[in-house]
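Asker: Below are the structure tokens for one structure; questions will follow.
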Ligand code: SF4
């Protein structure tokens, strides 16, 4: 598992506070993460969080992400892992699932189109 500026992936419960990042888990972008100390607990849901509170918290987290210099790297990390919880790179877990589904669909379309394109190029 790569690092998270938030929380190790293997933790089943999702605490609202970040834990220190182990160096062997850290990528080069993590040292610039604006959220390294999530003292407000913005990035992960506490247990039994009401929907309105979750939406508000996630919006606040996204505002932090919007001014983070490593947002693109963080988002890609969360998509590639994939990180199942929390806000990463300005996306919630649900939003990341949508992005991943789109990527899978696009990849399948490209694979399906590839033989026809090879035949057209050869002919
Ligand atoms: S983009 Fe957001 S979640 Fe990612 S490192 Fe920056 S502040 Fe943290």
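Asker: How many residues, within segment 65-95, are more than 17 Å from residue 44 (Cβ to Cβ) and buried (at least 19 other Cβ atoms within 10 Å of the Cβ)?
Answerer: 2
Asker: Can you find a residue that is at pLDDT 95 or above, within 12 Å of the ligand (Cβ to nearest atom) and within 15 Å of the chain's Cα centre (by Cα) anywhere in segment 21-31?
Answerer: No; the residues of segment 21-31 include none that is at pLDDT 95 or above, within 12 Å of the ligand (Cβ to nearest atom) and within 15 Å of the chain's Cα centre (by Cα).
Asker: Given the conditions (1) under 11 Å from the mean Cα position of the chain (by Cα); (2) surrounded by 10 or more Cβ atoms within 10 Å (Cβ to Cβ); (3) closer than 25 Å to residue 51 by Cβ, and given that residue 98 satisfies all but one, which numbered condition is not satisfied?
Answerer: For residue 98, the exception is condition (1).
Asker: Need the failing condition index for residue 46 against (1) part of a loop (DSSP other than H, G, I, E, B); (2) at pLDDT 95 or above; (3) more than 16 Å from the ligand (Cβ to nearest atom), just the number.
Answerer: (2)
Asker: Which residue out of 34, 64 is free of Cβ contacts under 8 Å to residues at least 40 places away in the same chain, near the ligand (Cβ under 8 Å from one of its atoms) and in a helix (DSSP H, G or I)?
Answerer: 64
Asker: If you don't mind, there's one more thing I want to ask. Working only within segment 35-58, note down all residues that are surrounded by fewer than 19 Cβ atoms within 10 Å (Cβ to Cβ) and under 23 Å from residue 100 (Cα atoms).
Answerer: 54, 55
Table: residues versus (1) touching a helix residue (DSSP H, G or I) at 6+ places or on another chain (Cβ under 7 Å); (2) more than 20 Å from residue 29 (Cα to Cα); (3) in a strand (DSSP E or B).
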site	(1), (2), (3)
77	no, no, no
86	yes, no, no
95	no, yes, no
102	no, yes, no
105	no, yes, no
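Asker: Taking residue 61 and the conditions (1) at pLDDT below 95; (2) surrounded by 11 or more Cβ atoms within 10 Å (Cβ to Cβ), which numbered condition does it fall short on, given that it satisfies the others?
Answerer: Evaluating residue 61 over (1) at pLDDT below 95; (2) surrounded by 11 or more Cβ atoms within 10 Å (Cβ to Cβ) leaves (1) as the failure.
The values are calculated or read from the model by the stated rules, or taken from the named source; none is laboratory data. In this text the structure is predicted, and so the values were computed from the model without any measurement. Glycine also receives a Cβ, built like all others from the backbone with ideal geometry; neighbour counts cover every protein chain displayed.
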